Amino acid sequence: MGYNSRNNRRPFEAASKASHHHIINDPEVQALMERIYQPPRAENIPLTDLTVNFTPPDNNPVEAIIAVDGGYTEAILEKDFPSRSVHFLQFGALFFKQEDLAQIDSSAFIAPEDMVKLKNISRLKLALPTKNIRLKDENTLKGSVLKTIFEFFTKNTLDEDKSLIDTLAWFVFRRYKGGQRTEEDKRWLLATNPLSPDGNPVTLLEQNMDRNYTFPCPETGGRIHLTDIFRLHEVIDKETEAAGILGYLVNVIEHVIIIHLIRQLFNAQPGILRKILFIKDGSLGFFGQTAGLHKPMRDLINWLLSKQNILLAGLEKSGAFVDHAHDLQKTLNPGEAVILTDEYIYRYILPGPADPTRPYASTSNYGHKVIFKTRNGQMHVVSVPVRELKKAPTENDLPNLQVILANVEALHCDMYDSALFPVALVNKLVSLSAHPSQRILQKFASYAVSR
């Protein structure tokens, strides 16, 4: 890696343009390259046993769509001190009626007032200290990050009567079950106590949670925030500081927004959940330190499926599964879907041995992945929530599969490859571009902190 010139007084030291031949001619490097295994290309993959035909329902039960997405960008506080920064995050929940989209789709011209119908969006904003800074009322960056996240969940309601932190308690302690809860539902084992000098585990009992959603720390006498169950404090270190938590945090907040909306809709009118499709950008799962949240999410999915219904889909835009889907485009017939099994995933997408005792991603996911080719030829990787993960799922194991695929096809968008209209629109409305958004936010951050 070359050197940079901080004050423009010395020439920029570029990397060598002739050193690559040392790598290419190295016998050990050549030997290792020959040992690399690549899965076969799509034309050599048998699909017959895994393929199901797309048969859209005669009457589409979905009357409305809610799409949720989030994004973030970094702002450096001081130009001459680039290691001191804050990240700005923005999340959106976009709601529109299916009939509004149908009317626009059939129109010869799209008027501005038509687009207003599709931009009914709620935005949530968060400024998070991430590198070499702290809050004035906190002694450490770690404490500043955890407090900022906790306050975000406490203050935001999405214009409802309950806050996100109250919904998190409703979700984690399975309050939706009412009198059918078990004692296990009323506790949460936190693998590492953020206040413990030794990082010891601690059990958080619902009965010990105060009205501010905090718990007593048995070691220090301090207060543990309910949001500390995300275990993001484990990812904050001296090198990358808090930058490593952003992907996990965005995914958690997107999920809690969906759960919050499900809760409010169910309490107001339970039957309406049968008519709303929730779309999340990305796969259905919790990852890294937050992976433990997949258990209460799976419980909630099972409860909703037994009480009313839940129509939820995760749409992936990038990654190994999306790359494989585009590789299948020439071999998969229009109107067909491939339900991915463990054997298929580990043989053709993620080379490696499958766990003989557990399904793929059973410690993080609560849905199965499906590669779907619409009748118009668009390719989608769709995650569908299930009651139970299996090593070799079939169509019967994926509730509402045909309804979800029918709406995925109906919501197609030609702006990007394999895009859906609501996901593309909500992404446009909440994403923060490198220019000019990032530059403006940097100036705002510098001014606000220096006052």
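Quick notes
- Approximating the spin labels as points 7 Å out from Cα along Cα→Cβ, the Glu234-to-Leu135 distance works out to 2.3 nm.
- Whole-Å distance, taken between Cα centres, linking segment 147-190 and segment 269-304: 14
- Neighbours of Tyr346, meaning other residues whose beta-carbon lies under 11 angstrom from its beta-carbon, give a summed charge of -1 when Lys and Arg score +1 and Asp and Glu score -1.
- Of all aspartates and glutamates in the structure, those lying under 20 Å Cα to Cα from Lys162, and not within fewer than 8 positions of it along the same chain, are Glu151, Glu206, Asp210, Asp228, Glu254.
- Scalar couplings 3J(HN,Hα) for segment 247-252, obtained by applying the Karplus form with A = 6.51, B = -1.76, C = 1.60 to θ = phi - 60°, are x, 5, 5, 4, 4, 5 Hz; x denotes Gly and Pro.
- Compared with the rule-of-thumb size 2.2 N^0.38 Å for a compact globular protein, segment 64-440 has a Cα radius of gyration ratio of 1.02.
- Counting 0.36 nm for each residue step from Asn212 to Asp198 and taking away their Cα separation leaves a gain of 2.5 nm.
- If a spin label sat at a point 7 angstrom from the Cα of Ala127 along the line to its beta carbon, the backbone N atoms of segment 81-95 nearer than 20 Å would be those of 81-92.
- Placing pseudo-labels 7 Å out from each Cα toward the beta carbon at Asp161 and Thr51 gives an inter-label distance of 5.3 nm.
- Formal net charge of residues neighbouring Lys275 (Cβ-Cβ distance under 14 Å; K, R +1; D, E -1): 0
- Judged by the mean number of other Cβ atoms found within 10 Å, the most tightly packed of the peptides 194-204, 223-233, 24-34 leads the ranking 223-233, 194-204, 24-34.
- Charge sum, other residues only, whose C-beta stays under 12 Å from Lys295's C-beta, Lys/Arg counted +1 and Asp/Glu -1: -1
- Protection-proxy order for peptides 175-183, 157-165, each taking the mean of Cβ atoms within 10 Å per residue, highest first: 157-165, 175-183
- If you plug the beta carbon distance of Gln402 and Glu63 into 1/(1 + (r/R0)^6) with R0 = 25 Å, you get a FRET efficiency near 0.90.
- For segment 237-340, lysine pairs with C-alpha atoms less than 28 angstrom apart, excluding pairs fewer than eight positions apart on the same chain, total 10.
A short reminder: the numbers here are calculations on the coordinates, not readings from a lab. Since we're looking at a predicted model, the values are computed, not measured. Backbone-built Cβ (ideal geometry, glycine too); neighbour counts: all protein chains shown.
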